[in-house]
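What follows is one structure encoded as structure tokens, with my remarks underneath.
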Amino acid sequence: MSMSAPIRILLAKMGLDTHTIGVTVLAKGLRDAGFEVIFSGFKQTPEVVAASALQEDVDVVGVSSLSGGHMRYMPHLLELMREQGLDDTLVILGGVIPEEDIEALADIGVDRVFTMGASMDDIVAYIRRAVAEKRGEALA
Amino acid sequence: MNGPELFAALLEQKPVAIAKAISTAERGGPDSEALFNQLFGVPFHSQVIGITGPPGAGKSTLVDRLLEQARAAGRRVGVLAVDPSSPLTGGSILGDRVRMQRHALDPGVFIRSLSNRGHLGGLSEVTYQGIRVLEAARFDLVLVESIGIGQNEIEITRMVDTTLLVTIPGMGDYVQAMKAGVMEFGDVLVINKCDLPGVGQVEKLLQEIAHDRAAPGEWTPPVVKITASNGDGIASLVEALDAHARVAADHAVRRRYERRLLDEMLQRAILNRYFQPLVQSEDYQALARQVLERQRPLQDLWSLL
């Protein structure tokens, strides 16, 4: 474990998406990588996710989406986060995301999209690198 | 935002300041010490309740109910949900807030998950600093939820005004095992999930514990039966908590904890200022070598003082 503070990540699912296995597996993998994983619960609104991210002072918000709807609630979430001054919080999205949405998601401020088949190692490595950059730390 | 600016924003009850102040406490180091210096000047005014009990006893659901009751009474509530971290990786899954999310958008509620990061001073000081942050932000009620396992548990009971202990039917073994432990500190003993069979057995055990602790002029812990999932018994629980708050209005438990904290802070400062330079000094290194080689007697060690 490095000397720096553990990475805090809020995992969220919004809308009526009931596919919870992916986010559960991810939570375990991130915990095993030494992260502090905070569950915001399933079927949440962007308002609740943004408020939770603020109160928990997380480095990362990770959204899992497997049944569409991300083009509707992601812009709303990012807008709310900006309103609350959470511009520095990393936002990642994972799940079933059509190729053609990825550019639009990047434009609204989603830092990274992981599609089906992404490996846990890649996700962990990306988060470590991106958070270290935001915190201005050298990667251990 | 840090230092005086952070503290000023905290006194103005700004959610972002509350969040950043707790993070500062979690990180430890000079910033945390500077913040604690400022927090120390804040007078006691919050009712601080620690909620503990074994995993699966329904602590988070109970906290959700207490939130509901307090908000209906117009009281602002801060929640610290403490979960253990893996001793192997340091990682943790903090899932308590899921059961309280219906309060997430309520401006009178602030919920924060804390993990046991195992740094200097341990979870205890970080949790206490978290309580003081919420007190500085003038929450009327502060709820600290923690898992009823291990030594940390006794620590939690020492830094709150009221300890609420939750068990459920069928947990007789847990109650027995904890009889000489966290049970001795429970101010209100709660049986949750009273819609399950086996209430009588655990109730009898808790009554025995309450009876053993009964003494003239002392608080006798009441045994309260609830079902947090449907709200049964919550009103009686709130009455019991308020009754204890009246006898604990002098915050004696927290004052005792702070006294111990001062001793510990002084001890750490002495170690840093006097012990560390001494053990690193050449005089000591040479003397220690000679003592270990039996060239000089052990009592020569005291010549260094």
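The values are calculated or read from the model by the stated rules, or taken from the named source; none is laboratory data. It should be emphasised that the depicted structure is a prediction, and the values quoted were computed from it without experimental measurement. Reconstructed Cβ throughout: ideal geometry from the backbone, glycine too, with neighbour counts over all protein chains shown.
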Note to self: With the structure loaded, tell me whether A:Gln55 is surrounded by 18 or more Cβ atoms within 10 Å (Cβ to Cβ) and of a type in the set (S, T, N, Q) or whether it fails that test.
What the structure shows: yes
Item checked: Where B:Arg71 falls short, out of the listed (1) more than 15 Å from B:Val166 (Cα to Cα); (2) within 14 Å of chain A (Cβ to nearest Cβ); (3) outside any loop (DSSP other than H, G, I, E, B) -> (2)
Notebook entry, point to check: Given B:Val98, B:Val109, B:Val79, which one is modelled with pLDDT under 95, in the same structural domain as B:Thr167 (by TED's automatic domain parsing) and in contact with a strand residue (DSSP E or B) (Cβ under 6 Å, 6 or more places away or on another chain)?
Noted result: B:Val98
Check: Residue check, B:Met178 against (1) within 19 Å of B:Ser146 (Cβ to Cβ); (2) out of contact with any strand residue (DSSP E or B) (no Cβ under 9 Å at 6 or more places or on another chain); (3) at pLDDT below 90, all met but one. Which one?
Finding: (2)
Margin query: Six or more apart or on different chains, Cβ atoms under 6 Å: show the pairs whose first residue is in region A:16-38 and away from chain B (no Cβ under 12 Å) and whose second is in a loop (DSSP other than H, G, I, E, B) and not charged (D, E, K, R).
Written below: A:Asp17/A:Leu66; A:Asp17/A:Ser67; A:His19/A:Leu66
Notebook entry, point to check: Only one residue in B:Leu39, B:Leu6 is touching a Ser or Thr at 6+ places or on another chain (Cβ under 8 Å), within 27 Å of B:Ala70 (Cβ to Cβ) and either of a type outside the set (Asp, Glu) or away from chain A (no Cβ under 14 Å) (or both). Which one?
Noted result: B:Leu6
Item checked: region B:9-28, residues that are among the basic types (Lys, Arg), at the interface with chain A (Cβ under 8 Å from one of its Cβ atoms) and closer than 18 Å to B:Pro107 by Cβ -> B:Lys20
Margin query: Quick check on my filter: what residues within region A:42-55 are in contact with a strand residue (DSSP E or B) (Cβ under 8 Å, 6 or more places away or on another chain) and either at positive phi or facing chain B (nearest Cβ under 7 Å) (or both)?
Written below: A:Lys43, A:Gln44, A:Ser52, A:Gln55
Item checked: Options B:Val63, B:Val48: the member that is on the phi < 0 side of the Ramachandran plot, part of a strand (DSSP E or B) and in contact (Cβ under 8 Å) with a residue 12 or more places away in the chain -> B:Val48
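Results for (1) in contact with a helix residue (DSSP H, G or I) (Cβ under 9 Å, 6 or more places away or on another chain); (2) without any contact (Cβ under 8 Å) to a residue 24 or more places away in the chain; (3) within 17 Å of B:Thr162 (Cα to Cα), shown as yes or no for each residue.
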| position | (1), (2), (3) |
| --- | --- |
| B:Val223 | yes, no, yes |
| B:Asp242 | no, yes, yes |
| B:Ala245 | no, no, yes |
| B:Ala249 | no, yes, yes |
| B:Val279 | yes, yes, no |
| B:Glu282 | no, yes, no |
| B:Arg289 | no, yes, no |
| B:Trp302 | no, yes, no |
Margin query: I need a count of the residues in region B:185-206 that are surrounded by 14 or more Cβ atoms within 10 Å (Cβ to Cβ) and either in contact with a Ser or Thr (Cβ under 8 Å, 6 or more places away or on another chain) or within 25 Å of B:Ala252 (Cα to Cα) (or both).
Written below: 12
Next item on the list: Might you check whether a residue that is crowded, with 16+ Cβ neighbours inside 10 Å and among the basic types (Lys, Arg) occurs anywhere in region B:286-299?
Entry: yes
Note to self: Tell me which helices (runs of 4 or more DSSP H) are completely within region B:75-188 and hold 3 or more residues being away from chain A (no Cβ under 14 Å) and under 11 Å from the mean Cα position of the chain (by Cα), or say none if there are none.
What the structure shows: B:122-136, B:151-158
Checklist line | Residues of region A:27-47 satisfying the condition of being in contact with a helix residue (DSSP H, G or I) (Cβ under 6 Å, 6 or more places away or on another chain) and of a type in the set (A, V, I, L, M) | finding: A:Ala33, A:Val37, A:Ile38
Notebook entry, point to check: Is at least one residue of region A:81-97 on the phi > 0 side of the Ramachandran plot, in contact with a Leu (Cβ under 7 Å, 6 or more places away or on another chain) and away from chain B (no Cβ under 14 Å)?
Noted result: yes
Notebook entry, point to check: Can you tell me which of B:Arg268, B:Arg213, B:Arg254 is under 30 Å from B:Gly53 (Cα atoms) and not assigned by TED's automatic domain parsing to the domain that holds B:Ala70?
Noted result: B:Arg254
Note to self: So, in region B:239-277, exactly how many residues are exposed (fewer than 13 other Cβ atoms within 10 Å of the Cβ) and outside any helix (DSSP H, G or I)?
What the structure shows: 2
Notebook entry, point to check: Of these, B:Ser236, B:Ser303, B:Ser281, B:Ser229, which one is among the hydroxyl-bearing types (Ser, Thr, Tyr), surrounded by fewer than 16 Cβ atoms within 10 Å (Cβ to Cβ) and touching a strand residue (DSSP E or B) at 6+ places or on another chain (Cβ under 9 Å)?
Noted result: B:Ser236
